[in-house]
């Protein structure tokens, strides 16, 4: 932080004046010295406790900062009452220097140590002047009368005003804030602690006058206060800091950002809030283990700190998400430059137990006052910008209002989705069912469950409009459990008329990595008395490849329960045949993008044929999605495909309509439908009368 010349002039003036007083007292021939062994012992014990107080200050939390209160104040003031100004000033000055040297509190900032000594010297000298003015005798406890308490009180007030006033003015000038406003706030905070410490000084004098060794009994409460304050500071630190990295958490970040905004309002300057997360951190975490993931997170703070000014702040918001607070920006472009600097610093690989890992961050930037006037709005908009940077793979970007329309809608939908789950699941979260039929017989053997949201204002919403929101807001687990529960309940209702029909439900990557999934499924199967083999979970290739190790383990656990598994949208992902062979799946579903065009496009036809051959060779059942017409049905039948799903079989039906459809006992392709006919020539030369509905 750059300080104005006024600060240094003030510090120099106080230091020179304090040193002058210190030198004068050192050579003051009228200074009183101990007269007997008892007084020498008292002086030695008071000196011991003054030094100890400087070495072990009591820490008191004050907002985001920590204040240090030294118990040396009590014993230095007692020394002043017992032996006068000279000894009190010299002992206190010596104790301050000892504390500075041993604790290394002012490395490279000797002028702060000098100011601290001068400040206390002037405070003790001022108090001593009050005592001499009212001729308080130095004879220990026996000299204290009721009338002397007013003199002692006046001396204590002078000590408090000089000591805390000098320090407060220096801090106000350093922070470039109004001195009087700061002093009113600072002195009010300091008053109760200083009063307690100074009020104990006459008690110390009385105690040592009776027996110097009794001072140790008096010190016990101070020890209790010290350890209690240490624990209080520790508790507050834990409440305001991340336990893994030691960085401030979201709560402390909000407080510091709020204070920074107030400073900006006074100075008419700007600031920036940046939110950053690590791209593909989950892959690192799951591949190398959580321990190594934690080691990586611990290195993020120092990497960020190296890119920032001392006045800037860092926080960990949770997971792999971090925040940066840039204070006092004169130019908005500075935030962009800092973001680019952070990205550049991440080009240096992170070292983890002999491994070099390349990690890239995505950073969103929100500026005060351009993008928001309060902390919460800035954090929200920085978060929006971060997601845009991640989606666009741009590395970093500033908030743009025009790009926030979807995010604002997403936030609103997340709240409405939570309300639907909590209050109106049966009315708003509807299950539709699309049958799957055997190509050889036309018999319906299963249905796929499709979730729709009957939104009060947006009509019927497909899953693509709200499943991603659920995944990013933690709602995917309760949403999936609701779907499984409702689907199994419906399957139980069909038990009598369609005892062999199976039901399929889609799982997202969040579901598959949920460690409670197996127990939840077992509980729901038991609840509705459904055999596990009648439940099938469909997962896409991309879900499997997100976290292969944990995905494999989760799928194996479900398979061991007897639940059947399918690979959905096969051909559109990136899984290898090695993974497919290792998966405990019994069914692959050819993506409709290949099936719908197979009659007209040779490449699609070849992909469909090859996938059917692959499934047959691996002993898996093959389902073709997107069967829209009879031509495609016939072609798939000739190729040996097992099952078909699409509008030619049936559109997705509500539970009521699906129950009626199954109740009529109709087959998807019965005697009333044309029998399959051979395709003429190559499959892709057949006409394509497909009708997209």
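Within region 537-562, restricting attention to residues that are surrounded by fewer than 21 Cβ atoms within 10 Å (Cβ to Cβ) and outside any helix (DSSP H, G or I), the residue that is modelled with the highest pLDDT is 562.
With respect to the stated conditions, residue 652 fails to be surrounded by fewer than 19 Cβ atoms within 10 Å (Cβ to Cβ) and at pLDDT below 80. On the stretch given as region 284-317, residues that are touching a helix residue (DSSP H, G or I) at 6+ places or on another chain (Cβ under 8 Å) and farther than 24 Å from residue 327 by Cα total 7. Of all the listed residues (117, 101, 130), the sole one being at pLDDT below 75 and part of a helix (DSSP H, G or I) is 101.
Checking 324, 359 one by one, the residue that is within 19 Å of the chain's Cα centre (by Cα), surrounded by 13 or more Cβ atoms within 10 Å (Cβ to Cβ), more than 17 Å from residue 398 (Cβ to Cβ) and in the same structural domain as residue 386 (by TED's automatic domain parsing) is 359 and no other.
Within region 494-529, being farther than 29 Å from residue 591 by Cα and in contact (Cβ under 8 Å) with a residue 40 or more places away in the chain holds for 497, 524, 527, 528. Only one entry in 123, 167 is modelled with pLDDT of 85 or more, surrounded by 15 or more Cβ atoms within 10 Å (Cβ to Cβ), assigned by TED's automatic domain parsing to the domain that holds residue 39 and in a helix (DSSP H, G or I), namely 123. On inspection, residue 272 fails the criterion of being touching a strand residue (DSSP E or B) at 6+ places or on another chain (Cβ under 6 Å), crowded, with 19+ Cβ neighbours inside 10 Å, part of a helix (DSSP H, G or I) and at pLDDT 90 or above. Residue check: residue 322 meets all listed conditions (1) in a helix (DSSP H, G or I); (2) touching a helix residue (DSSP H, G or I) at 6+ places or on another chain (Cβ under 7 Å) but one, namely (1).
For (1) at positive phi; (2) loosely packed, with under 13 Cβ neighbours inside 10 Å; (3) modelled with pLDDT of 80 or more, each residue gets a yes or a no:
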site	(1), (2), (3)
20	no, no, yes
23	no, yes, yes
27	no, yes, no
51	no, no, yes
57	no, no, no
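Taking strands (runs of 3 or more DSSP E) as the structural unit, those lying wholly within region 354-463 and holding at least 3 residues that are touching a residue at least 60 places away in the same chain (Cβ under 8 Å) correspond to 361-368, 429-438, 444-455. When residue 347 is tested against (1) part of a helix (DSSP H, G or I); (2) farther than 28 Å from residue 469 by Cβ, exactly one condition is not met: (1). For residue 604, the conditions (1) buried (at least 17 other Cβ atoms within 10 Å of the Cβ); (2) more than 16 Å from residue 540 (Cα to Cα); (3) modelled with pLDDT of 95 or more all hold with the exception of (3).
Is it the case that residue 561 is within 38 Å of the chain's Cα centre (by Cα), in contact (Cβ under 8 Å) with a residue 24 or more places away in the chain, assigned by TED's automatic domain parsing to the domain that holds residue 519 and closer than 26 Å to residue 531 by Cα? Step through it out loud before you land on a result.
Working: within 38 Å of the chain's Cα centre (by Cα): yes; in contact (Cβ under 8 Å) with a residue 24 or more places away in the chain: yes; assigned by TED's automatic domain parsing to the domain that holds residue 519: yes; closer than 26 Å to residue 531 by Cα: yes.
So residue 561 fits the description; yes.
For residue 94, indicate whether it is under 21 Å from residue 14 (Cα atoms) and either surrounded by fewer than 19 Cβ atoms within 10 Å (Cβ to Cβ) or modelled with pLDDT of 85 or more (or both). Considered against the rule, which asks whether it is under 21 Å from residue 14 (Cα atoms) and either surrounded by fewer than 19 Cβ atoms within 10 Å (Cβ to Cβ) or modelled with pLDDT of 85 or more (or both), residue 94 comes out as yes.
The values are calculated or read from the model by the stated rules, or taken from the named source; none is laboratory data. Note that the coordinates shown come from a computational prediction; the quantities given were computed from them, not determined experimentally. Don't worry about glycine lacking a Cβ; one is built from the backbone with ideal geometry, like all the others, and counts go over all protein chains shown.
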